[in-house]
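The values are calculated or read from the model by the stated rules, or taken from the named source; none is laboratory data. Bear in mind that the values here come from a model prediction, so they are computed numbers and not experimental data. With ideal geometry, Cβ positions are generated from the backbone for all residues, glycine too; neighbour counts draw on all protein chains shown.
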Amino acid sequence: MAHRDWRHEAECRKTSLPDMFFPDARQAEYAKAYCRACPVAEQCLRYALDERLDEGVYGGLTEAERRRIHRRNTPGSTPGSNRGKKKEGAA
């Protein structure tokens, strides 16, 4: 039997509203509620952190919440050290 990719088990695949996972700040709680019931939320979050995905809700965390994890886990980073810096290539 072939190993199924964890993404096939994701709760978000069952919704007819995929845009819900790329919400504005007010709508993020709806997406996070799906993640709380998801059997693969941990794998999803790990994927988003490893790939440094910077948009959407993955594994129950918004992009801002994932950025805080990265800052905490990056040696030499200080709180707010990335504030005010433009992304490379940003206008």
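Would you say GLU9 is out of contact with any Phe, Trp or Tyr (no Cβ under 6 Å at 6 or more places or on another chain), modelled with pLDDT of 90 or more and more than 21 Å from ARG72 (Cβ to Cβ)? Here the answer is yes, as GLU9 does meet what is asked. Considering only region 26-45, I want to know if a residue exists there that is surrounded by fewer than 10 Cβ atoms within 10 Å (Cβ to Cβ), at pLDDT below 90 and more than 12 Å from the chain's Cα centre (by Cα). Yes, region 26-45 contains at least one residue that is surrounded by fewer than 10 Cβ atoms within 10 Å (Cβ to Cβ), at pLDDT below 90 and more than 12 Å from the chain's Cα centre (by Cα).
Those residues that are out of contact with any helix residue (DSSP H, G or I) (no Cβ under 7 Å at 6 or more places or on another chain) and closer than 15 Å to GLU65 by Cβ, I need them from region 1-23; list them, please. Hit for region 1-23 is PHE22, nothing else. Tallying residues that are in a helix (DSSP H, G or I) and modelled with pLDDT of 95 or more within region 52-64 yields 0.
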